[in-house]
Each structure stands twice: as C-alpha cells, then as structure tokens.
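One structure is given below, encoded as structure tokens.
The values are calculated or read from the model by the stated rules, or taken from the named source; none is laboratory data. Being a predicted model, the structure only gives us computed values, none of them experimental. Here the Cβ positions follow ideal geometry from the backbone for every residue, glycine too, while neighbour counts run over all protein chains shown.
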Amino acid sequence: MDRTARSDSPVGAEAVIDTPAYYDPNDLLLTPQEVARRLSINRETVYLWMRKGVIHYVTVGQGRRRPRKRIRTSEVARQLRESA
C-alpha cells in the first residue's frame, strides 16, 4: 500500500492513508453506467460486483441518502485483463 500525507493533518503530524498499490493519480472516475458500457455488461451486474468486492470503488462527496460511487479506469482495465 502507498502511504500519502493528508493536507488536513495537524502541523508536525503526518496522517497516513492507505491507497491501493495499483492506484494511478491520473485515473478517471467512471459511473457504474459508464463501466457497464465499457465492459459490455448490465449496469446491475456492476452494482452486484461492487457489493461483492469484485470491482473496487470510491465514494465521492458526502451524500448520506445516495452516496455517489465511482470506479477508477485502472480498475476497469484490471477487470478487462482478468476476464480475457
């Protein structure tokens, strides 16, 4: 896991967060519908895979009722490599 300092950490203290080793800072964040189109699968399959942990996602924003879930393009590429 890569360790990165957060900007909201107190002076002199460095907060550490874990990011996946395959994380690319240039990744785009895709909606589940965009991922479904790229993988040629049903959108509901993407949500099922997200629940099961097959596809890793990030939550964007602080919505409590309906959090926005996005998938990195590197995650979609990984899924394509594994299915080939």
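Name the pairs: first residue in region 49-71 and at positive phi, second residue in a strand (DSSP E or B) and surrounded by 13 or more Cβ atoms within 10 Å (Cβ to Cβ), Cβ to Cβ under 9 Å, at least 6 apart or on different chains?
Gly61/Arg68
What strands (runs of 3 or more DSSP E) lie completely within region 6-76 and have 3 or more residues being surrounded by 12 or more Cβ atoms within 10 Å (Cβ to Cβ) and either at pLDDT 90 or above or not aromatic (Phe, Trp, Tyr) (or both)?
68-72
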